[in-house]
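In what follows, a structure is listed as structure tokens, so that the remarks can point back to it.
The values are calculated or read from the model by the stated rules, or taken from the named source; none is laboratory data. Quantities reported herein were computed from a predicted structural model and do not represent experimental measurements. Methodologically, a virtual Cβ is constructed for each residue, glycine included, from the backbone with ideal geometry; neighbour enumeration extends over all protein chains shown. Accessible surface areas use protein heavy atoms only, side chains included; no ligands, DNA or RNA. Shrake-Rupley method; radii C 1.70, N 1.55, O 1.52, S 1.80 Å.
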Amino acid sequence: MPPGAAIRRHLLLLPIAASLLALGPAAAAQRADASWPTAGGDAAHTGVASGPEPPYRVAWEVETDDDDPICAPVVAEGLVIVVMRESVMALSAGDGSEAWSVDREEGPAGAAVVLGETVAYVEGRDDGASLVAAGLTDGAELWSFDLDDSAPGPLAADADTVFVATSEGLVHALDAETGEEDWSFEVEGETLGAPAVAGGLVYVSAARPSARAGTVYAIDAETGEEAWRFSPSGSALGFSSFAVAGDLAYVGTGDRTVRALGVEDGREVWSRVVRAPFGPRSMPAVPGDLVVGDVLGGVYRLGAADGEIAWDFRVPGSLLSGSPIVAGGFVVVGDDTGQASAIDLEEGLLVWKDTFGSARLEAPAADGDHVYLASRGGRVVALEYDPDAALLAEPSPTTLFPLQALLNFAAAAAALLVLLLVVFRVVLPAPREEAES
Amino acid sequence: MGRKGKRRRRTKPAATVSTRPPSQLEPLEQETPAAEERSNVPAVPTSRSEPAAEGRPRGLFGRALGPESPYPPLGVSMARGLRPVAASPLILGATFLYLLAVWGFFAAAGAEPPTGLLAILTALPPVPSLFDSLVLLQETSGAVASLVLVLGVTIVRALALGAIVPLVVQAVGEGAVRPREALRGYLRRVLSLVGILSLEVALALLVFVLVQGFLGSQLAIFIVWLFGLQFLGMAPIVMVAEGAPSADSLRRSARAARVPGMRHFTLIIIYFFLLQIVTAAQGGAPFVATPTIPTWGFALFVSFVHVAVLGALAYRWLAVREQIPSGPVKRERTPR
């Protein structure tokens with residue numbers, strides 16, 4: 001939302017904002033388990049962890065040499081699982097020591113998913129791509145399933161099924177025990193994001209660049225039959241992944257609009273235009289309200305019921321594959337410049353930031369004790385609460401301070417005016433002939 | 001001095017120059033009502049402007065590129081355009097306030113331009129025509145709201161350029177700025193500028209939409225900027241210098257772009273690349289709604305460059321104004 005409009009809306013919506021503020025901490029506390037087994041924290045992608053709160057300090061850090069992480073970490077059973085370019089690595093959540101590492105055939109992949117004692121990830125590309133299930137404790141392969149197509153998005157799972165969407169639009173549901181396919185569903189277009197699973201439905205967004213259109217689908221998780229679909233107008237590129245909470249499914253669509261769709265029938269309940277479209281791996285977090293991030297680095301808090309924007313903040317980099325999460329009541333996000341930021345969920349102020357190289361940070365994960373970051377520059381970092389540091393209170397760069405802007409203008413204009421006049425009137429005056437002419 | 005003397009020996013006054021070969025446009029009317037309404041801005045002195053005297057091109061590249069242009073050379077044009085602009089606090093102040101006004105309009109509309117684009121807010125029309133439309137379309141929801149805002153910023157631009165362009169034309173043409181005289185007929189001029197800028201917005205958007213489908217957004221923007229500057233860049237100057245109505249100003253600007261030789265295109269392409277460098281230089285800068293002093297400083301300096309190029313174009317127009325027909329023209333076939 002434009003900052004000017006944001007200011008006006010803040011004034012008009014103070015009573016609503018006050019009630020939302022009261023809801024925030026309670027909603028943030030609803031996730032208290034010490035795991036983050038899938039992208040978005042859980043199958044519905046609510047993206048909320050009980051902690052830790054900022055300010056942060058580095059608890060441990062692992063350099064991964066030449067093999068860079070290519071997607072967000074997941075956390076389960078005290079292990080941080082990171083899919084790298086040519087390997088899959090499990091690190092101890094406590095100290096970062098390597099628990100195991102297995103080779104992986106190079107190819108695009110999203111975050112792994114953990115079900116019980118099994119971790120699933122994708123390896124290979126195009127017709128050589130497959131989904132591999134391995135033991136969580138040792139990384140030993142249990143089964144694999146040939147996808148015959150790249151699957152660049154994160155995986156999803158419910159109690160006993162792994163869901164994967166391939167780039168050419170096939171959604172597979174695989175039995176987590178055996179790896180046998182329960183069903184597959186073909187969407188129209190390409191799927192680059194993560195399926196979300198909630199209430200017996202699998203939610204997938206698909207883009208059709210050739211038709212300049214996109215469609216979001218809800219598929220019955222048991223049967224693989226289409227429950228409903230929704231096709232917004234506008235660009236095909238820039239669909240986010242889904243997040244589901246209560247009776248609403250939230251998704252960002254290519255027309256840079258955040259939409260809330262009824263889970264029953266896909267009917268649009270509300271929509272809100274933001275500054276930019278969304279990365280395909282980006283997904284809203286739902287700490288009571290909705291927190292979304294766009295590709296320009298805009299992070300927004302929207303009312304879950306009506307989509308009203310409570311605040312927006314701009315981080316320096318884009319969120320092409322980064323995605324905001326909520327930890328300890330604060331929004332945590334890593335961007336393409338390598339900066340991780342924590343934003344106060346209630347006020348929309350930056351309270352902490354740090355830079356971890358200059359490479360893209362994938363979406364964070366959190367387990368109550370740590371926030372985990374994976375950098376494409378070859379680093380995995382665990383952050384913990386720093387009791388000795390103080391919180392910042394920086395407003396968003398999108399906040400306009402008119403008086404400051406005018407003062408800055410006056411100073412710059414005066415300086416340049418004097419400089420130009422001195423140069424062209426005193427130092428380099430016009431030749432007499434030219435002046436006379 | 002020796003160099004200057006050598007140059008003069010190769011120079012002939014523009015008034016006596018006949019640069020149009022038979023194949024070129026011929027005016028049907030030598031004197032038109034628009035020309036009669038021409039303001040008191042005199043033609044620029046041409047003794048040092050080195051207009052081409054012969055129809056025959058000079059130099060290796062001149063021969064390769066076709067007939068010599070009637071426009072003064074690039075260096076002379078820039079120097080003659082730059083100096084009076086840079087030495088006039090009134091023009092500089094008006095230019096700086098123009099930047100503030102346009103930025104203020106965008107800010108009030110809740111669509112602060114990205115930091116990297118602040119410096120091209122005051123670029124020569126029709127560059128901002130497309131920029132205004134795209135930014136406001138991006139930042140507002142609803143076609144009517146966008147249309148109202150585009151019209152609003154067009155009026156702001158017309159109000160500013162209605163003062164700046166006559167000051168620049170007067171400074172370049174007469175070597176001095178007399179504000180009261182330059183601003184005579186201000187409101188009428190503003191109305192004409194609203195017409196010119198509105199037409200440019202419509203044309204820019206139309207071309208952008210048509211080209212975007214084939215070549216993508218980036219190339220479409222390049223094409224709109226380059227061809228817009230080439231053919232419509234002189235329109236505000238023509239309107240001010242000749243007192244011409246909007247349509248006639250656009251027509252004569254397009255004709256001025258079609259005179260023989262490459263000098264006009266050279267100036268335009270250099271300015272075009274300057275715009276690219278400026279946008280690239282700050283394109284990656286993080287968005288800040290409240291510009292800092294360095295951000296303003298950079299944008300103001302580039303605004304000064306914009307108005308200096310406007311001065312160069314004004315100088316060139318005043319040098320060739322007699323040769324650009326104002327009325328309908330007929331084409332003559334080139335005899336083989």
**Request:** Could you please let me know if A:Phe239 is modelled with pLDDT under 95 and open to solvent by 10 Å² or more (accessible area, probe 1.4 Å)?
**Result:** yes
**Message:** Take A:Thr337 and tell me if it is touching a residue at least 40 places away in the same chain (Cβ under 8 Å), assigned to a loop (DSSP other than H, G, I, E, B), at the interface with another protein chain (Cβ under 9 Å from one of its Cβ atoms) and of a type outside the set (Asp, Glu).
**Reply:** no
**Message:** Residue under question is B:Ala314, and the condition is that it be at pLDDT 80 or above and either within 14 Å of chain A (Cβ to nearest Cβ) or open to solvent by less than 30 Å² (accessible area, probe 1.4 Å) (or both); does it hold?
**Reply:** yes
**A:Gly96 free of Cβ contacts under 8 Å to residues at least 60 places away in the same chain and either open to solvent by less than 30 Å² (accessible area, probe 1.4 Å) or within 24 Å of A:Ala207 (Cβ to Cβ) (or both)** = no
**Request:** With the condition kept exactly as written, say whether any residue in region A:385-395 is under 30 Å from B:Phe96 (Cβ atoms) and either facing another protein chain (nearest Cβ under 9 Å) or of a type outside the set (Gly, Ala, Ser) (or both).
**Result:** yes
**Request:** With respect to A:Leu320, determine if the residue is assigned to a strand (DSSP E or B) and either open to solvent by less than 10 Å² (accessible area, probe 1.4 Å) or closer than 18 Å to A:Gly293 by Cβ (or both).
**Result:** no
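So, in region A:107-120, exactly how many residues are surrounded by fewer than 24 Cβ atoms within 10 Å (Cβ to Cβ), in a strand (DSSP E or B) and under 22 Å from the mean Cα position of the chain (by Cα)?
Of the residues in region A:107-120, 2 are surrounded by fewer than 24 Cβ atoms within 10 Å (Cβ to Cβ), in a strand (DSSP E or B) and under 22 Å from the mean Cα position of the chain (by Cα).
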**Prompt:** All but one of (1) within 14 Å of chain B (Cβ to nearest Cβ); (2) more than 26 Å from A:Ala389 (Cα to Cα); (3) in contact with a helix residue (DSSP H, G or I) (Cβ under 8 Å, 6 or more places away or on another chain) hold for A:Glu308; which doesn't?
**Reply:** (1)
**Item:** The lone exception for A:Leu392 - which of (1) assigned by TED's automatic domain parsing to the domain that holds A:Gly78; (2) assigned to a loop (DSSP other than H, G, I, E, B) it fails
**Value:** (1)
**Fill in**
A:Arg256: passes all of (1) within 14 Å of chain B (Cβ to nearest Cβ); (2) under 21 Å from A:Asp42 (Cβ atoms); (3) of a type outside the set (A, V, I, L, M, F, W, C) but (2)
**Which numbered condition A:Trp183 misses (of (1) crowded, with 16+ Cβ neighbours inside 10 Å; (2) within 26 Å of A:Pro69 (Cα to Cα))** = (2)
**Asked** Among the residues of region A:161-197, which ones are out of contact with any Gly (no Cβ under 8 Å at 6 or more places or on another chain) and acidic (Asp, Glu)?
**Response** A:Glu168, A:Asp175, A:Glu177, A:Glu180, A:Glu181
**Fill in**
Of A:Gly368, A:Gly348, the only residue that is closer than 20 Å to A:Pro287 by Cβ, open to solvent by less than 10 Å² (accessible area, probe 1.4 Å) and part of a loop (DSSP other than H, G, I, E, B) is A:Gly348
**Message:** Residues that are without any contact (Cβ under 8 Å) to a residue 24 or more places away in the chain and open to solvent by 10 Å² or more (accessible area, probe 1.4 Å): does region B:224-241 have at least one?
**Reply:** yes
**Item:** For A:Ala196: the one exception among (1) touching a residue at least 60 places away in the same chain (Cβ under 8 Å); (2) loosely packed, with under 15 Cβ neighbours inside 10 Å
**Value:** (2)
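Would you tally the residues in region A:71-93 being under 21 Å from A:Arg281 (Cα atoms) and surrounded by fewer than 23 Cβ atoms within 10 Å (Cβ to Cβ)?
4
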**Prompt:** Within region A:144-176, restricting attention to residues that are open to solvent by 20 Å² or more (accessible area, probe 1.4 Å) and over 18 Å from A:Thr223 (Cα atoms), which residue is nearest to the chain's Cα centre (by Cα)?
**Reply:** A:Pro152
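Specify the residue that is least open to solvent (accessible area, probe 1.4 Å); the eligible residues are those in region A:296-314 that are part of a loop (DSSP other than H, G, I, E, B) and more than 23 Å from A:Ala43 (Cα to Cα).
A:Gly297
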**Request:** Please find, among B:Phe273, B:Phe227, B:Phe208, B:Phe231, the residue that is more than 14 Å from chain A (Cβ to nearest Cβ), closer than 25 Å to B:Gly173 by Cβ and modelled with pLDDT of 85 or more.
**Result:** B:Phe231
**Message:** Within region B:251-259, does at least one residue satisfy the condition of being open to solvent by 10 Å² or more (accessible area, probe 1.4 Å), farther than 16 Å from B:Ile237 by Cα and more than 14 Å from every other protein chain (Cβ to nearest Cβ)?
**Reply:** yes
**Asked** Looking at region B:84-184, what helices (runs of 4 or more DSSP H) fall wholly within it and have at least 2 residues that are within 13 Å of another protein chain (Cβ to nearest Cβ) and more than 30 Å from A:Ser271 (Cα to Cα)?
**Response** B:89-108, B:143-174
**Message:** Go through region A:199-211 and report how many residues are surrounded by fewer than 19 Cβ atoms within 10 Å (Cβ to Cβ) and not in a loop (DSSP other than H, G, I, E, B).
**Reply:** 4
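Got a sec? Which of B:Ala204, B:Ala163 is within 20 Å of B:Phe96 (Cβ to Cβ), crowded, with 20+ Cβ neighbours inside 10 Å and touching a Leu at 6+ places or on another chain (Cβ under 9 Å)?
B:Ala163
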**Request:** Starting from residues that are facing chain B (nearest Cβ under 7 Å) and open to solvent by 40 Å² or more (accessible area, probe 1.4 Å), keep the ones in region A:403-414 and report whichever is nearest to A:Pro55 (Cα to Cα).
**Result:** A:Gln404
